[in-house]
Structure formats: structure tokens, C-alpha cells
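The values are calculated or read from the model by the stated rules, or taken from the named source; none is laboratory data. Just so you know, these numbers come straight off a predicted model, no measurement behind them. Note: ideal-geometry Cβ built from the backbone for every residue, glycine included; neighbour counts use all protein chains shown.
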């Protein structure tokens, strides 16, 4: 098992190119199952979760090739499997995204209940409720979800009890082949949802309203294969902006969609950062003193829960007290204990953290608990005096492509060792 070693205290400067978004790539891979064909997917990040979804498609009978960096070809013409087994699904919650596509294509699917990061309860009840509203019969048995719609799916109006990104994606994919029109109310508005809708439309689907709270899907009889470029990763971009800010440096991001970062950029400006935007990039210059702020996570376009740990690392060095309220996941403060080991002053009461800024952090041996917690510890290590070692970095490999290489390009002293 690997660990990451960081020699901190070095201001980061330079340019970094942002990779494709994992959370956009995974549903696109799943969507290739809706109809048999050959798909070319570009700007795909080299991540463990991408390898997992590729293995899952292979298990279902697809041919998946990675002919060059960032490029995949997926041939689903002979993908006749309908069961996603526990061995693959247990490592990645997004594996449940094959439910909708398999249901749309075959009228049935069987998927193991998913796993993933231990950041709180993330049930798929809302996925199943939506699929049931379309006419599917649901059966839970020995850790598996069996879904059957042999009589066909029928469009309907579905109101989501909570905003769920993957839930809306699953329902949207299933509804592309349903008879009639499906209306999804209280829909997630994330850029990744829009990217999936755009891809499905390029396959011949009829989806409108993606990016708003109401999505309409007019069912069609046939779809076809298409090529697609994965959108940039807004969370990776936000993480590198914080890396520049927390180290007192200046970084330029390339290959992004600035509009996707508006909620993150606004908060960093509140912290005193000087940020400039252009058509496909963002530049940040760190302030002399980080200013405290208040952060409340909420569904897009609010501040993303996937950036909460990273902004907390930054606020440990602010000139005053900050408040962070986590409204999405109940266990997403597990990085607090590790930040305290570095000298951070953080108090947690329920879903609220009070972060009192300190003069500096000290390097320490650290343990990652989930993907974004791993990123926050890397950021803290970059700013801390002395050496930090971060164990269990397999979490990091699920969401950040070549993170050591990219940080080295900005001047960081960071390397990987066998634990």
C-alpha cells in the first residue's frame, strides 16, 4: 500500500492542466450500454474508478480499449450481461449507474448494492423509486437489487424527494427508451448531469431542461452510438486553486469551464484571493493573509460538498474564525481529526465545524479516510512546515489524475513510497 510524502512550506507557482471529470466520465461509460454500438470517449482521466467501470462493462460483455492516453473505445454490441456483481460494485458506488441503461435496453437488470467512500449513508432508494414510477418492479434479495420492466417503461412525472445526481442520471437514462414523456422535478443541476444529457441527445435522445430543476425526457424507440469528450473536472480545478492559495503562491488553470467554478471562485475571493478568468482558464494569486468566511455546502449551484474538506484546510490558516456547515453527508468531517494532528484548531458540533485560524501547520503522519479528505490532507501538507506522510492514498487515486506529477510541476516536493 502506497503513502505520499510531502515536504511542505513551498509556495506553488505555475500552470496546471485540468483533467476530465470522473463524475462525468462514469455515467457516460454506463450510458454506452443503452444501445449496442461503438463509442469513442476522449479526455478520460486515468483513475481507479474509470478502470473499475471499464472492468464492469467488460464483465457485461462489452469490449473496452484504451488505445492512447485519455481515449477509450467502447463496443457494446455484444454486451448482453445484465448482472453487476458485488466484487466490482463494492468498490465504487457509481456502479449502480448501469441500472438505468440495462433496464432501458433489456427490460431487466441485477446489481449489487453499491459501496464507495465511507462518508455517510448514500442509499439508492431514490433511484429505485424513480425506476418504479416508470413501471419497473423492484426486488431486493441477498444484497442485490433486481429490476424488471418486461412490460416496458412508461413516461411519468417524478418528483425527487432529495436532490440526487446519480439518481437523476439513472432515471434519465432509463426514460430515454420509455413510452411517452418523463418529467423529473427537483432534478440535480450539476454540470455532470448536463454533460450526460448532451451525450444522450447526441445518441438520438430527446432531453430538455438539463441544468434546471425540471428535466423532460421524450422516449424514443431507437438510439445510436456517438462520440463524446468528457468535460473538465471542476473539483480537481478547485483543489488546485486552493493549493495555490494555501501555500501563498500563484497558479494558472488550463482546460476548464470557468462557469462551472463560480461557487468555488466566489468563496476563494471572500478569502482574499485575487482571481482572474478567461474563456478556458482561471488564474489565482494568494492573499498575504487568508480571510475567514462561512461555508454551507448545498447542491449545485451552491458550494459543493466535494470541496468542503479542501476549503477547511485553507481556513485553518485564516486570520480569524470560520464556520463550515455540511448539509449533504453526515460523516464528512472525518478529516478534522487528521488536521488537528497538524495543529489545526477545529471544533465540530453536529454538522457544523468552527475553524479558528492558526499561525501555521506542522507536518505529521496522516491517514486518509475518503477521496476528498485525502485531498485536504495533501493541501495541508503542502502548507505545513516539515514533512507529512499520508497513508491509504488509494482513496486519492480514485479522483485525482497524476496528482504528484501536477504538483511537482508547480514546485511542490512530493513523492510516493511503499508503506
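Let me spell it out: the conditions are (1) touching a residue at least 60 places away in the same chain (Cβ under 8 Å); (2) within 30 Å of residue 335 (Cα to Cα), and residue 112 meets all of them except one. Which number is the exception?
That leaves (1) as the condition not met.
Only residues that are more than 18 Å from the chain's Cα centre (by Cα) and in a helix (DSSP H, G or I): list them for region 36-58, please.
Hits for region 36-58 are 55, 56, 57, 58.
Please tell me if residue 91 is modelled with pLDDT under 95 and not in a helix (DSSP H, G or I).
The answer is yes for residue 91.
Can you spot a residue in region 263-277 that is on the phi > 0 side of the Ramachandran plot, surrounded by 15 or more Cβ atoms within 10 Å (Cβ to Cβ) and touching a residue at least 40 places away in the same chain (Cβ under 8 Å)?
Within region 263-277, none of the residues are on the phi > 0 side of the Ramachandran plot, surrounded by 15 or more Cβ atoms within 10 Å (Cβ to Cβ) and touching a residue at least 40 places away in the same chain (Cβ under 8 Å).
Let me spell it out: the conditions are (1) at pLDDT below 90; (2) buried (at least 20 other Cβ atoms within 10 Å of the Cβ); (3) over 14 Å from residue 170 (Cα atoms), and residue 118 meets all of them except one. Which number is the exception?
Only one criterion is unmet by residue 118, namely (2).
Looking at 410, 361, 382, 314, which one is touching a helix residue (DSSP H, G or I) at 6+ places or on another chain (Cβ under 8 Å), over 23 Å from residue 164 (Cα atoms), surrounded by fewer than 24 Cβ atoms within 10 Å (Cβ to Cβ) and touching a residue at least 60 places away in the same chain (Cβ under 8 Å)?
410
For region 1-15, which residues satisfy the criterion of being surrounded by 23 or more Cβ atoms within 10 Å (Cβ to Cβ) and either free of Cβ contacts under 8 Å to residues at least 12 places away in the same chain or assigned to a strand (DSSP E or B) (or both)?
4, 6
Would you check if residue 369 is at pLDDT below 95 and outside any helix (DSSP H, G or I)?
It is true that residue 369 is at pLDDT below 95 and outside any helix (DSSP H, G or I).
Go through the residues of region 178-195 one by one and say whether even a single one is under 17 Å from residue 32 (Cβ atoms), in the same structural domain as residue 87 (by TED's automatic domain parsing), in contact with a helix residue (DSSP H, G or I) (Cβ under 7 Å, 6 or more places away or on another chain) and in a helix (DSSP H, G or I).
Taking every residue of region 178-195 in turn, at least one turns out to be under 17 Å from residue 32 (Cβ atoms), in the same structural domain as residue 87 (by TED's automatic domain parsing), in contact with a helix residue (DSSP H, G or I) (Cβ under 7 Å, 6 or more places away or on another chain) and in a helix (DSSP H, G or I).
For the structure I just gave you, tell me whether residue 73 is part of a strand (DSSP E or B) and either over 24 Å from residue 396 (Cβ atoms) or without any contact (Cβ under 8 Å) to a residue 24 or more places away in the chain (or both).
Considered against the rule, which asks whether it is part of a strand (DSSP E or B) and either over 24 Å from residue 396 (Cβ atoms) or without any contact (Cβ under 8 Å) to a residue 24 or more places away in the chain (or both), residue 73 comes out as yes.
Which count do you get for residues in region 364-377 that are more than 20 Å from residue 49 (Cα to Cα) and crowded, with 21+ Cβ neighbours inside 10 Å?
Summing the residues that are more than 20 Å from residue 49 (Cα to Cα) and crowded, with 21+ Cβ neighbours inside 10 Å in region 364-377 gives 2.
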